[in-house]
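Each remark here refers to the structure printed beneath this line.
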Amino acid sequence: MEARSRLIEHIEVAENTTAFRFERPAGWEFRAGQSLDMTLVDPPETDAEGNTRAFSIASAPHEPALMVATRVRSSAFKRVLKGLPAGSEVKIEGPFGDFTLHNNANRPAVILAGGIGITPFHSMVFDAAKRKLPHRIFLFYSNRRPEDAAFLKELEALRQENANYKLIATMTEMEHSRRSWNGETGLIDHDMLGRHLAGASNPIYYVAGPPAMVNGLRTMLTGSGVDTDDIRSEEFSGY
């Protein structure tokens with residue numbers, strides 16, 4: 001479905017990371033984890049990468065607005081998007097993709113997210129809580145520092161709403177942080193998964209983040225005996 005939408009607001013959700021909330025066009029339906037294409041309308045500048053980008057939808061299907069989030073980088077698209085005033089119009093198309101929660105609630109979901117790769121999972125876990133889905137969900141969320149972790153506080157608070165949901169956040173460069181941190185540190189690895197997944201039988205794995213992280217985690221999982229059919233992944237490059 002192609003439609004026009006207007007920007008409601010943009011919010012800083014981490015250092016150098018901004019969430020954008022747009023009006024949701026009438027009849028625009030999607031499933032948690034899907035994506036959309038956004039095209040800027042008559043932008044004041046452009047570059048060779050063009051005026052359209054794909055974004056995972058970070059909001060859940062029950063929410064009245066459509067939210068996307070992105071690291072703010074030095075491209076013409078990002079500069080224009082960051083500077084849009086409320087009420088500005090964009091074109092959206094979609095939804096796209098099948099990176100969605102599996103149907104068999106007897107199999108836990110083990111989610112491995114790095115950085116801005118959290119966006120489709122933000123939609124998934126809030127959708128699961130709203131619909132009271134019975135799936136056990138383990139969300140491993142890796143960032144360099146707490147300052148870089150988009151949506152961290154609300155993901156932590158969601159534990160109060162869904163007893164089937166567990167958040168395991170980890171930081172890899174706390175030596176560069178100005179904050180204290182009592183959670184996990186270091187990269188997501190076999191040992192970390194083992195500490196938190198006791199009793200999680202025959203899970204489906206979901207992986208999203210920078211390409212190197214996604215490839216490394218897929219290799220780690222298959223090396224641990226996980227069938228490739230049980231691993232679903234998406235790469236988030238820094239466009």
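Read-outs: derived from the displayed coordinates by stated rules, not from any lab. This one's a predicted model, so the numbers in the text were calculated from it and none came from an experiment. Counting neighbours? That spans all protein chains shown, and the Cβs are built from the backbone with ideal geometry, glycine included.
General remarks:
- Cβ-defined net charge surrounding residue 75, 11 Å radius [Lys, Arg +1; Asp, Glu -1]: +3
- Listed values for the stretch 189-201 are Karplus-derived 3J(HN,Hα) couplings in whole Hz (6.51 cos²θ - 1.76 cosθ + 1.60, θ = phi - 60°), namely 9, 4, 5, 5, 4, x, 5, 10, 10, 4, x, 8, 8, and x replaces Gly and Pro.
- Whether the stretch 166-216 is rounded, prolate or oblate, judged on the alpha carbon gyration tensor where a/c under 1.5 counts as rounded: oblate
- Comparing Cα centroids, the stretch 191-217 and the stretch 18-91 end up 29 angstrom apart.
- Distant alpha-carbon pairs in the stretch 109-235 (separation over 18 angstrom), percent: 51 percent
- Taking the stretch 98-119 and a reference point 7 angstrom along Cα→Cβ of residue 3, no backbone N atom is nearer than 13 Å.
- Net charge in the neighbourhood of residue 127 (other residues with Cβ under 11 Å of its Cβ; Lys, Arg +1, Asp, Glu -1) is +3.
- Candidate lysines - alpha carbon under 20 Å from residue 78, same-chain residues fewer than 8 apart omitted: 91
- Site pair residue 185 and residue 48 shows an inter-label distance of 4.2 nm when each label is modelled 7 Å from Cα along Cα→Cβ.
- Taking amide H atoms as placed 1.01 Å from N in the peptide plane, the amide H of residue 24 lies under 5 Å from those of 66, each 5 or more residues away in sequence or on another chain.
- Using alpha-carbon coordinates, inclination of helix 119-131 to the longest axis of the chain, degrees: 70 degrees
- Among 45-55, 167-177, sorting by the average number of other beta carbon atoms lying within 10 angstrom of each residue, highest first, gives 167-177, 45-55.
- Largest mean-square fluctuation among 73, 24, 218, in a Gaussian network model of the chain whose springs join Cα atoms under 10 Å apart, belongs to 73.
- Annotation for residue 91 and residue 163: the two label points, set 7 Å from Cα along the Cα-Cβ direction, are 5.0 nm apart.
- The charge dipole of the stretch 2-96, taken about its Cα centre with unit charges on the Cβ of Lys, Arg, Asp and Glu (plus for the first two, minus for the last two), comes to roughly 140 debye.
- Virtual spin-label span in nm between residue 173 and residue 106, 7 Å along Cα→Cβ: 4.5 nm
- Put simply, the amide H of residue 72, placed in the peptide plane, has neighbours under 5 Å in 17, 18, leaving out anything fewer than 5 places away on its chain.
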